[in-house]
Amino acid sequence: MRLKIALLLVIALAAAWWDLRQRRIPNWLTLPAFIAGIGLHVTAEGTAGLSASVLGAAVGAIPFAVVYWLGGMGAGDVKLMAGVGALFAFPAAVQALFCIALAGGVLALVRISMHLYQQRAGTKTAGSVRRLELPYGIAIALGTCFTIFLGMV
């Protein structure tokens, strides 16, 4: 249990830092998260752990894949959610998904508010309005930490 929590925290925080700095989440971080999640659960629970981990990965990745296909986020976010979901496993991955979505909503509201404030302050002109970007790795990290804090692991 401690190893799983440590892995979740390290992976989520590293992804958030990387996404904030580079605006991408590298495969060398997401693939090991997925493999570690499956490995930990298979080792601890056998085939039941495999099922729970794969289902957790699907719970994490499928909603984000839909948003990706609609052009709303990057593939790194989807792969990170597969890794985080595999580490949490089912049913904790469902709870993590809700916490991550909540964190994303709050961050989006903050980002929109900052954008509107900048427009009112005159630091942005009306012609410079563009698609507002949000490095979603930060929301994934915050939601992951919140899920762990609430003891839903």
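Where a number appears in this text, it was derived from the coordinates with a stated rule and is not lab data. Since this is a predicted model, take the numbers as computed values, not measurements. Quick reminder, even Gly has a Cβ in these numbers, built from the backbone with ideal geometry, and neighbours come from all protein chains shown.
Some observations on this one:
- Net charge in the neighbourhood of SER53 (other residues with Cβ under 13 Å of its Cβ; Lys, Arg +1, Asp, Glu -1) is 0.
- Overall Cα dimensions of region 1-147, principal axis frame, Å, largest first: 59, 28, 26
- Radius 15 Å from Cβ of TRP69, net charge of other residues (Lys, Arg +1; Asp, Glu -1): 0
- With R₀ set to 30 Å, the beta-carbon distance separating ALA121 from VAL67 gives a calculated FRET efficiency near 0.45.
- Helix 136-149 and the longest principal axis of the Cα set of the chain meet at an angle near 50°.
- Those trypsin sites (Lys or Arg not before Pro) in region 6-63 that DSSP places in a loop and that have at most 15 other beta carbons within 10 Å: ARG23, ARG24
- Taking a sphere under 14 Å around the Cβ of ILE11 and counting the other residues whose Cβ falls inside, with K and R at +1 and D and E at -1, yields a net charge of 0.
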